[in-house]
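The values are calculated or read from the model by the stated rules, or taken from the named source; none is laboratory data. Just so you know, these numbers come straight off a predicted model, no measurement behind them. Note: ideal-geometry Cβ built from the backbone for every residue, glycine included; neighbour counts use all protein chains shown. Just the protein is used for accessible areas: all its heavy atoms, side chains included, with ligands, DNA and RNA removed. Shrake-Rupley method; radii C 1.70, N 1.55, O 1.52, S 1.80 Å.
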Amino acid sequence: MTEDEHLAWLKKIMPMVATLMTLGTFLVIRLAGHGNGTALLVAGIMFGFVLLMYGARVVLGVKGFVVVIGAGAVILWRLQRNGYF
């Protein structure tokens, strides 16, 4: 599969992926016993995260996408280690 074919495939499936991830997150948070407001907030954050990852993949390519994931993991790890989460 070439890069153009892969991007066309991503463009075709991303609305479904973003929707399923958002709905799944909402349901998991609701099943955990939290209210609708918390579930909508977390589902909205998941929707934004999925769109950010898709945008990073399209704009930066594969290597840039890997860098974004790695940098995000390191930043979140440091925030957690410093007591922000």
Portion, in percent, of the accessible area of region 1-46 that falls on carbon or sulfur, probe 1.4 Å: 72
FRET efficiency, 1/(1 + (r/R0)^6) with R0 22 Å, evaluated for residue 73 and residue 17 via beta carbons: 0.60
Rg(Cα) / (2.2 N^0.38 Å) computed for the chain, rounded to two decimals: 1.30
Solvent-accessible area per residue, Å², over the chain with all protein chains present [probe radius 1.4 Å]: 75
Region 11-26 - phi-based ³J(HN,Hα) in whole Hz, Karplus 6.51/-1.76/1.60, Gly and Pro as x: 4, 6, 9, 4, x, 5, 5, 4, 5, 5, 5, 5, 5, x, 5, 4
Estimated vicinal HN-Hα couplings, Hz - region 27-41 in sequence order (Karplus 6.51, -1.76, 1.60; Gly, Pro = x): 5, 5, 5, 5, 5, 6, x, 8, x, 5, x, 5, 5, 5, 4
Cβ-Cβ FRET estimate between residue 81 and residue 41, R0 fixed at 22 Å, reported to 0.05: 0.35
